[in-house]
Structures are given as C-alpha cells and as structure tokens.
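One structure is given below, encoded as structure tokens.
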Amino acid sequence: MNAADVRGFDPGDGRISTSSPGRATDRPGGPVGGLPPLAPDRAEPEPAWSEVVEHFREGLIVCDADGVVRHVSPVAERLLPEVTPGHHLAAAGVAGLTGVGAEPAGVAHRGRRLRIRRVPLSGSRSCLYVEDVTDSVSRADALLAERARSAFLAVVGEKLGNPLHPDRAAAAVVRLSVPTLAEVAVLVLAPRSGRARWWRATRADDDSPRVDSGVLPATALPPAITEGLSGVEPHAVDWLVEQATDAGWLPGLSAGEVTAWAVPLPGRDTPAGVLLVARRARGYDDADVALVRAFAARAGAALTTAVLYRNQTEVADTLQASLVPVEPADTDGVQWGTAYRPAQASLRIGGDFYGAHRLADGGSVFFLGDVSGKGVEAAVFTGQLRQCLQALYRIESRPGRLVKLLNDALLETTQAHGQGRFATMVLGVVRPQRDGGLSLTMAGGGHLPPLVLRNSGEVEPVPLSGMLIGVVPDPRIGEVTVRLAAGETCLLYSDGVTEARGGRRGDEQFGQDRLVRAVTGCHRMPAPALAERIEQVTGDWLAHGDHDDIAVLALRATGPGGRPQRHLHSVPALTEPAADGGEPATERTAPS
C-alpha cells in the first residue's frame with residue numbers, strides 16, 4: 001500500500017485527510033484538512049503508511065473492488081488476526097464482517113466487542129475501520145446496571161415504607177423480589193411461639209408474581225433457614241436448593257437447573273427473617289449477591305419497623321382495654337347512665353374516669369373525676385387512681401374518709417415518681433330507701449358541683465366543695481347528703497363539658513348556665529338518655545373543634561320495683577337567653 005492508494009480518501013471524521021490533484025486547498029501550499037503532504041519539498045524519504053496508521057485508535061482493512069484484502073494495519077491485525085492480505089475478506093470467517101455497511105456495526109469476536117464501519121474509496125475499493133470498544137461498552141453496561149439497581153432499590157424503599165403490619169410487609173418483600181432478583185422468592189419470618197410464617201412469590205407467565213404463604217413448626221424449617229435465622233449467611237450450594245425443594249418452596253423447578261441464595265434480614269437484635277431467592281436463567285455473581293444483600297437490608301428494616309409497630313399496638317390495645325372506664329355495677333333501685341369522649345379519640349382513653357362498686361350492705365360506691373393533663377400520661381395516672389380506689393373502698397366506705405385515704409395513696413405515688421399530678425373528683429355512696437328513693441352521701445375533692453333534677457323540673461346544684469386530690473397531705477374534703485325521690489336524678493360531669501369552647505365565635509365556653517338550661521325539663525328522661533344528651537349538646541357546641549376529656553355519670557332513682565323507664569319522653573331544645581334578659585323559651589319535641 002502506498003500514498004496513491006488512499007490519496008483523495010476523506011472518511012469525514014478528520015482522522016485522515018490528504019490532498020489529490022485538482023482538489024482545492026484551504027490555503028496556499030496546504031491540503032484540505034491541514035495535514036502536511038507525505039512527500040515534503042525537503043529531501044527526506046516518504047514515511048510508510050503503516051508507520052502513520054499504526055497509532056490510530058481504529059484498525060484499517062483495505063479491500064479492492066473484488067473484496068480481496070490488500071492491506072491490514074497493525075491495529076486491525078491484532079483485533080482480527082484471521083484477516084490476511086491477498087485473501088478474500090469472507091475467507092476470514094469472522095461472523096458479520098462482510099455485511100458491515102456505512103453505519104457502525106457491533107461484532108463480538110474472541111471475547112472482545114468490536115465496532116466496524118465500511119467507507120467506500122476510489123476505484124470501487126473500500127476501507128473497514130475496526131475499533132475495540134470492549135472497555136467502553138463494559139463501562140456503559142456497568143453504569144446502566146448500576147442505574148437499574150439504584151432505581152430498583154429506590155422503588156423498594158418507597159414500597160416498603162408503607163406497610164406497618166408484618167404480614168403485609170412480608171408479602172411486599174417477596175412480591176418485589178420477583179422477577180428482578182429471582183423466579184421464586186421465599187421469606188421466612190423469625191418464629192413466634194414455636195411456629196414460623198413463610199411467604200412465597202413465584203413468577204407467572206406475565207411476569208406478575210403470585211404470592212402465597214404458610215406456617216411451619218420451627219423445628220421443621222430447613223437447616224439453611226435455621227442457620228440464617230441465627231445471623232449466618234448460608235452459601236449458595238446444591239444442598240440449599242435441595243432443602244428448598246424438599247420443603248416444597250420451588251414448584252415446577254428441579255434441583256439440577258436452579259441456583260439459589262439465602263440472606264438473613266437484619267433485625268434489632270436478631271434477624272427478622274431469611275430471604276431465599278432462586279432462579280434458573282443464570283447464577284448469582286458478585287453484583288447480584290450485593291444487590292440481594294442491599295435489598296435484604298431494606299426489607300429487614302421494613303419488617304423490623306412493622307414488628308415493632310405491631311408490638312406497640314398490642315401493648316397499647318392492652319393498656320387501653322385496662323384503662324377504658326368500666327360501666328357501673330348494677331345496684332337495686334338505681335339506674336345508671338354514662339357518656340365518655342376522650343380528647344384524643346384515636347387513643348380511646350383520657351384523664352376522666354367514672355365507675356361504681358357494689359357494697360356488702362346493698363349500696364354502691366360511685367365516683368367521677370378528672371386528672372391533670374390528657375393523653376397517655378393522664379390515662380396511666382387515672383389507672384393508678386382507679387386501682388387505689390378499688391382496693392380502698394373494701395376497707396372504708398365513708399366518702400370523706402375514703403377520699404382522704406385515696407389522697408394519701410396518690411400523694412405517695414406522685415412524690416415517688418416526681419410526677420406532680422393531681423385530680424379532682426366527686427365520690428359518693430348511694431343506698432336505696434324503702435319508699436323507692438335513694439340516699440346519696442357525697443364527698444368533694446375540688447370538683448364541679450353535681451346537679452339534681454327534681455320531679456318538679458327544678459335543677460338544683462349540690463353545694464359540695466373540697467380541695468384537690470394528691471396535692472397536700474391533709475386536704476379539706478367537703479361532704480353532703482342528698483335524698484332523691486323516685487324518678488329524680490343526680491348528674492355528675494367533668495370540666496370537659498362546662499369548659500368546652502365553641503359557639504358563634506368558636507372561643508366561648510359552654511359554661512354552667514348553659515348546662516343547667518340543657519337539662520332543664522329533662523327530669524323524666526332515663527339516666528342513659530340524659531348522659532347521652534349532655535354529650536350530644538356539648539359536641540354540638542364544639543362543632544368538631546378541639547376539646548378536653550368529657551365524662552358524664554347520671555344515677556336515677558327508679559322507684560318501687562326498680563323497673564327503669566325505657567323511653568325518652570321529651571327532649572327540650574337548648575336555647576340562648578332572650579335579648580331582653582328575660583327567661584329563655586324552652587321548646588319540647590314530640591315524645592319518642
């Protein structure tokens with residue numbers, strides 16, 4: 001090959017550009033493209049073209065019009081040693097070489113990735129440019145694979161951020177594993193009470209995973225899974241596949257065609273579970289194992305969060321069940337009515353409490369109170385108060401003395417824990433009378449005065465006073481005795497009723513006067529209906545706004561025979577005071 005073979009050839013990429021007779025130049029004495037002529041004016045020998053093209057990134061293969069190879073550059077010779085000058089190009093036997101056109105084509109040869117393009121030359125000749133792109137393609141593939149892994153893990157983080165139940169989180173883990181990580185994915189959760197729950201996802205024809213689950217005794221788990229639950233990662237060997245096959249976890253797959261891997265899912269102290277992935281398309285290389293481990297880390301965090309949430313929910317449910325106010329015990333001649341609405345409805349517990357306990361003489365101890373604060377802390381303190389009261393009423397039934405004993409017990413508890421909490425309450429003892437009435441002896445500890453609904457329709461406040469409970473060692477406790485005739489009702493309530501803020505401006509307290517007007521004319525209502533009415537009227541005043549805990553306890557003398565009235569006779573409409581300062585009008589609805 002000499003300069004005449006390639007003179008006039010311009011591949012268009014700026015690598016080679018030589019001048020030819022009759023071709024215009026960019027400037028006097030210089031060829032197009034700016035490269036110096038191969039035969040300079042100086043008396044120096046013309047360099048060989050092999051010396052010039054040897055350092056090209058691309059190899060050159062020049063063929064004549066018949067396809068016979070005329071020249072092979074050193075780079076092309078290293079990449080395609082089968083191509084020999086003087087022989088036809090097709091005789092090299094390199095797949096895809098003869099069909100290359102002007103557009104670059106990729107050819108895999110001897111473990112390398114080659115990019116080849118054909119450029120026509122003068123005289124029907126052609127030149128093939130051959131470039132080794134193995135490294136750049138590998139880097140591009142690695143970058144794409146890393147992006148795909150990052151995108152997959154991002155989706156995993158998003159999908160596993162929502163489930164807060166272990167079963168739903170486990171189902172999401174195996175569903176996300178297929179088909180990216182495996183054709184079959186099995187997740188075995190850490191055993192509880194000697195039994196282990198497992199979840200499995202299998203690849204369907206449309207690539208959408210099918211999920212099922214089951215339970216195994218902890219002693220029946222495959223040894224590899226037991227090893228993984230101890231924190232040791234089992235190796236991907238034949239016995240791992242065999243154990244999964246024996247357990248029935250690889251349906252439709254035989255042990256000889258499957259590669260499996262198992263990784264523990266990190267937990268708080270011990271693994272939350274073990275993830276087994278298996279597929280038959282290809283094995284798991286280092287990059288695949290790293291992806292499985294990264295996925296397992298995220299799955300373990302999601303499962304640990306779900307398990308922690310479940311455990312906290314179980315504790316909260318148990319605590320709430322023990323702290324929710326208990327309905328008063330049945331007492332001869334007494335009809336009880338209660339209403340309760342905690343400030344935080346989602347907790348179902350609060351700082352208000354009420355209840356009643358039977359006495360050996362046929363009477364009952366009843367109480368309603370309010371502890372400082374709200375929410376869980378207030379509810380826990382309420383539980384302590386109720387426990388103390390439940391123990392103390394068995395040894396002391398006189399209301400005033402019982403409140404003082406309760407004060408001493410609570411004061412000792414709050415000082416020991418540094419809580420500084422206190423409570424208000426009304427505590428009384430009710431005993432039935434022979435004429436169907438009731439005798440109520442009540443003691444007050446800084447609480448709002450009860451209301452008595454007389455048969456005449458009058459609403460009578462009970463003059464009951466006293467100091468807060470749990471503040472000073474020897475508080476002043478007021479005590480009063482009230483008699484209820486048959487059909488009359490005594491109403492106890494918390495400050496969540498009177499201090500409820502609402503109205504037209506949304507910041508006006510409901511107040512004692514509105515409460516009195518709300519119950520005026522309700523003397524014939526059964527105790528349950530009266531308590532419900534107080535809660536409803538307060539709720540209407542609040543108009544769904546924030547409020548304190550609300551508690552109502554009503555006890556009604558049922559009269560001779562103790563048969564409570566079952567129907568609501570009339571409900572007065574709550575009205576605002578007249579503009580002229582006169583008495584408000586009271587409307588009544590039809591009997592129900």
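Side notes on the structure shown:
- Test: residue in region 115-134 that is within 25 Å of the chain's Cα centre (by Cα) and assigned to a strand (DSSP E or B): no
- Residues being closer than 16 Å to residue 58 by Cα and surrounded by 12 or more Cβ atoms within 10 Å (Cβ to Cβ) - total across region 121-151: 11
- Enumeration of residues in region 128-155 that are touching a residue at least 60 places away in the same chain (Cβ under 8 Å) and closer than 25 Å to residue 111 by Cα: 128, 129, 130, 131, 145
- Test: residue in region 307-325 that is assigned to a helix (DSSP H, G or I) and buried (at least 19 other Cβ atoms within 10 Å of the Cβ): yes
- Residues of region 473-526 classified as of a type in the set (D, E, K, R), under 44 Å from the mean Cα position of the chain (by Cα) and part of a helix (DSSP H, G or I), total: 1
- Condition broken by residue 525, with the remaining ones in (1) modelled with pLDDT under 90; (2) crowded, with 21+ Cβ neighbours inside 10 Å satisfied: (1)
Results for (1) closer than 30 Å to residue 212 by Cβ; (2) touching a helix residue (DSSP H, G or I) at 6+ places or on another chain (Cβ under 7 Å); (3) of a type in the set (Gly, Ala, Ser), shown as yes or no for each residue.
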| site | (1), (2), (3) |
| --- | --- |
| 94 | no, no, no |
| 124 | no, no, yes |
| 127 | no, no, no |
| 143 | no, no, no |
| 152 | yes, no, no |
| 157 | yes, yes, yes |
| 163 | yes, yes, no |
| 167 | yes, no, no |
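- Index of the failed condition, residue 254 passing every other in (1) free of Cβ contacts under 8 Å to residues at least 40 places away in the same chain; (2) within 26 Å of residue 165 (Cα to Cα): (2)
A quick yes/no check of all residues on (1) farther than 19 Å from residue 467 by Cβ; (2) modelled with pLDDT under 85; (3) in contact with a His (Cβ under 6 Å, 6 or more places away or on another chain); (4) crowded, with 18+ Cβ neighbours inside 10 Å:
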site	(1), (2), (3), (4)
374	yes, yes, no, yes
378	yes, yes, no, yes
385	no, no, no, yes
389	no, no, no, yes
398	no, no, no, no
402	no, no, no, yes
413	no, yes, no, no
419	no, yes, no, no
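- Within region 156-192, if we keep just the residues that are of a type outside the set (Asp, Glu) and without any contact (Cβ under 8 Å) to a residue 24 or more places away in the chain, the residue that is farthest from residue 307 (Cα to Cα) turns out to be 159.
- Residue 389 assigned by TED's automatic domain parsing to the domain that holds residue 492 and under 17 Å from residue 552 (Cα atoms): no
- Taking the criterion of being in a strand (DSSP E or B), crowded, with 22+ Cβ neighbours inside 10 Å and more than 23 Å from the chain's Cα centre (by Cα), the only residue of region 175-195 that qualifies is 184.
- Criterion violated by residue 52 - all others in (1) surrounded by 13 or more Cβ atoms within 10 Å (Cβ to Cβ); (2) more than 60 Å from the chain's Cα centre (by Cα); (3) at pLDDT 80 or above satisfied: (3)
- If the condition is being out of contact with any Pro (no Cβ under 6 Å at 6 or more places or on another chain) and charged (D, E, K, R), then region 196-206 contributes 197, 200, 205, 206.
- Count of residues meeting criterion [hydrophobic (A, V, I, L, M, F, W, C) and in contact (Cβ under 8 Å) with a residue 60 or more places away in the chain] in region 473-515: 8
- Residue in region 89-103 that is modelled with the lowest pLDDT, counting only those that are surrounded by 14 or more Cβ atoms within 10 Å (Cβ to Cβ) and outside any helix (DSSP H, G or I): 98
The values are calculated or read from the model by the stated rules, or taken from the named source; none is laboratory data. The structure presented is a predicted model; accordingly, all values stated were derived computationally and were not measured. Counting neighbours? That spans all protein chains shown, and the Cβs are built from the backbone with ideal geometry, glycine included.
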